[in-house]
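The values are calculated or read from the model by the stated rules, or taken from the named source; none is laboratory data. Given the structure is predicted, the values throughout are model-derived calculations rather than measurements. Heads up, the Cβs are rebuilt from the backbone with ideal geometry, glycines too, and the neighbour counts pull from every protein chain shown.
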Amino acid sequence: MVRSSFGAAVFAVAGFALVLPAQAGKVQDAKATWESLEEDYDKLIDSIEAGKSQQPKKDVADLRIGLSLLRDQVNAVADGSHQLADELSVEWAIPKDAIANYEKVALDISIALGSTKPDVNSLTAAKGYLDDSMPKALEATKTFGRKYGDLMKMVEQAKNQQTGTMTSEFNETAGYLDTGAVDNAISSIRDLRGAFDTLSGYVVNAQSMAEGTADSLEAAWKPAYDARVEFDTALRAVESALSNDNDYHDALGDMIEAYGDMNAAIVQSHATILDFGTKLTPITDDWK
């Protein structure tokens, strides 16, 4: 923000384009590993049922290697998710438990091989537990990502409205008021109100979407939401002074201050939510 020679706040008009890095998501890696376990499981079952002596040992070793890799990948997803939103990380608690159970059963079978024919029912049950939990976690993560993507689009609209039309209308109105051009200000403030109403729609919608996605995102956008309310109050005070032909200078000072606060809040909240996306992308990029 800069100030004009006549003392009113003048805010720079800026544009912004959403650019995020393209990366393969950790969720996609875990999904691929989980799907590859199907073949390892089938080979182990076939070799055990065929009564082979050495092949089951190799097959169960391959299955355990795959499960170990999946465990590391799911842990990476869960840990990264926890740093962003509990609403996302909680979806991976059951797959983590299912993998641990599957690994234990596979280890028991590995130990039993050579001395007795293992009971494959426990292996089938462990696989079923994992195969039930993984699709649910994957779908929940995809849903979370899409909700974040929709939120980011709304936040982007708010940011662009704020730094574009809203700033232009505010600078014009504040300039007229500061120089005493009341008639021009009365006309201009109507346009400012229209621009603000559009901005409010974006801000309110973004707040509702953030509340429905994650507590961390709600907290990130709330300063912008609260600042919008404060500016609305200040703008109404100037509108009232003009409509009643009262002195508006104190109200103008309050409006300028409130606008500066709102501008800063929207820009900062936008940056915080955008940064959330850069951290979410390595976990899952389905939302992009």
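The sole residue among 86, 29, 119 that is of a type in the set (D, E, K, R) and free of Cβ contacts under 8 Å to residues at least 24 places away in the same chain is 119.
As for segment 80-94, it holds at least one residue that is modelled with pLDDT of 95 or more, of a type outside the set (Lys, Arg) and over 23 Å from residue 275 (Cα atoms).
Every condition in (1) touching a helix residue (DSSP H, G or I) at 6+ places or on another chain (Cβ under 6 Å); (2) in a helix (DSSP H, G or I); (3) modelled with pLDDT under 95 holds for residue 14 except the one numbered (2).
Every condition in (1) exposed (fewer than 14 other Cβ atoms within 10 Å of the Cβ); (2) hydroxyl-bearing (Ser, Thr, Tyr); (3) part of a helix (DSSP H, G or I) holds for residue 115 except the one numbered (3). Residue-level check: of (1) farther than 21 Å from residue 28 by Cα; (2) surrounded by 14 or more Cβ atoms within 10 Å (Cβ to Cβ), residue 88 misses just (1).
When residue 181 is tested against the conditions (1) surrounded by 16 or more Cβ atoms within 10 Å (Cβ to Cβ); (2) out of contact with any helix residue (DSSP H, G or I) (no Cβ under 7 Å at 6 or more places or on another chain), the lone failure is (1).
In the condition set (1) surrounded by fewer than 17 Cβ atoms within 10 Å (Cβ to Cβ); (2) aliphatic (A, V, I, L, M); (3) more than 25 Å from residue 149 (Cβ to Cβ), residue 238 is compliant with all but (1). In segment 211-232, the residue that is farthest from residue 81 (Cα to Cα) out of those that are in contact (Cβ under 8 Å) with a residue 60 or more places away in the chain and within 13 Å of the chain's Cα centre (by Cα) is 221. Residues in segment 65-83 that are crowded, with 18+ Cβ neighbours inside 10 Å and touching a residue at least 40 places away in the same chain (Cβ under 8 Å): 70, 73, 74, 77, 80, 81.
Could you look through segment 142-184, keep only residues that are part of a helix (DSSP H, G or I) and β-branched (Val, Ile, Thr), and pick out the one that is farthest from residue 77 (Cα to Cα)? Step by step, filter segment 142-184, then rank; the result is 182. Considering (1) at pLDDT below 95; (2) surrounded by 14 or more Cβ atoms within 10 Å (Cβ to Cβ), the lone condition that residue 98 does not fulfil carries the number (1).
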